Amino acid sequence: MATRHFLTLLDLSSEELDYLIARAIRIKSELKAHGPDYTPFANRTLAMIFEKSSTRTRVSFETAMAQFGGHALFLSPRDTQLGRGEPIGDTARVLSEMVDAVMIRTFSHADLEAFAEASSVPVINALSDDYHPCQLLADMMTWVECRGAIQGKTAVWIGDGNNMCHSWINAARQFDFTLRVCCPEGYDPDPAIVTAAGDRVSILRDPRQAAEDADLVTTDVWASMGQEQEQSARERAFKGFQVTEAMLDTAASDVLFLHCLPAHRGEEISTTLLDDPRAVVWQEAGNRLHAQKALLEFLLLGHID
Ligand code: CP
Ligand code: NVA
């Protein structure tokens, strides 16, 4: 069987993604009930290459592997030959000889694709400049856990048309919900990604109008990793795009608020938004662990019934 990778949400079918969400919810409830007694990965190893910072992604993948009875290796370009110019394809071939899967957080999505092309073990995108699909597994899991079926519902993305926004657009395609994307002009998502989603995705300019009657509202930082020098220009451009409690008041009465975190209180969200009961961001962050366990299990072992 050909090696499966997870570089974007489009690498799995809608049915496989639905399976992963249901499986992640089951893995979570079994962990809560019995502790980490399910260890399908004895002696299996995940290599984790981080070219950007991380708290949630590193801790969730490392804990997932430990609880599953396996092991995760943290690899930074500072300490590996990748940082000294060893070609990506060579590194992929070498790691494929030793580990069972590779997780990469990097800048260039094309580099990630090149790595996957040369790898004979599954490669997981743990964030690139263009996508963050693992976060969306946790986000969809959280939405389903809190509200049941999400097909046909309406989510709103407010802020930058960035890697998270692109993955939300792919999620709208794969999980069949409507997504309103509300960005300031000049900060829209990639038009090709929007067009491919068809009429499920629309671009709006007025955040208050976008949030009206929505089932879910989400946002992200205005300057992503690698854009630090644009911080002040972006603060000016995104003025008026802060998500507030008042904005959620115009949404559906059972609206949920998600944020992949880290959050900048007082910038993309009001200082108190994460304390609002409609915000389920700590549950969302915790679900990274369970969703990625389901993903790793699927990529290494296939469906578990
Ligand atoms: N949301 C997310 O990916 O967080 P980290 O950058 O801390 O991994
Ligand atoms: N858009 C953010 C997401 C962080 C998890 C970034 O790329 O920095």
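The values are calculated or read from the model by the stated rules, or taken from the named source; none is laboratory data. Quick caveat, the model's predicted, so the values are computed rather than measured. When we count neighbours, we look across all protein chains shown, and the Cβ atoms used for this are built from the backbone with ideal geometry, even at glycine.
Working only within segment 64-76, note down all residues that are in contact (Cβ under 8 Å) with a residue 40 or more places away in the chain and over 16 Å from residue 50 (Cβ atoms). If the condition is that a residue be in contact (Cβ under 8 Å) with a residue 40 or more places away in the chain and over 16 Å from residue 50 (Cβ atoms), then 67, 68 are the ones that fit.
Taking each residue of segment 77-90 that is free of Cβ contacts under 8 Å to residues at least 40 places away in the same chain and looking for partners that are surrounded by 13 or more Cβ atoms within 10 Å (Cβ to Cβ) with beta-carbon atoms closer than 6 Å, six or more apart or interchain, yields 77/51; 82/91; 83/77; 88/111; 88/114; 88/115; 89/118.
Given the residues 57, 3, 45, 39, which is the only one that is touching a residue at least 40 places away in the same chain (Cβ under 8 Å), polar (S, T, N, Q) and surrounded by fewer than 17 Cβ atoms within 10 Å (Cβ to Cβ)?
3
Of 39, 3, all but one fail to be out of contact with any Ser or Thr (no Cβ under 8 Å at 6 or more places or on another chain), of a type in the set (Val, Ile, Thr) and part of a loop (DSSP other than H, G, I, E, B); the exception is 39.
Selection of helices (runs of 4 or more DSSP H) fully inside segment 200-274 by the criterion of at least 3 residues being charged (D, E, K, R), modelled with pLDDT of 95 or more and in contact with an Asp or Glu (Cβ under 9 Å, 6 or more places away or on another chain) returns nothing. Applying the condition of being away from ligand 2 (no atom under 15 Å from the Cβ) and surrounded by 22 or more Cβ atoms within 10 Å (Cβ to Cβ) to segment 259-279 and asking which residue is farthest from residue 234 (Cα to Cα) yields 279. A single member of 30, 15 is touching a Phe, Trp or Tyr at 6+ places or on another chain (Cβ under 9 Å), free of Cβ contacts under 8 Å to residues at least 40 places away in the same chain and not in a loop (DSSP other than H, G, I, E, B), and it is 30.
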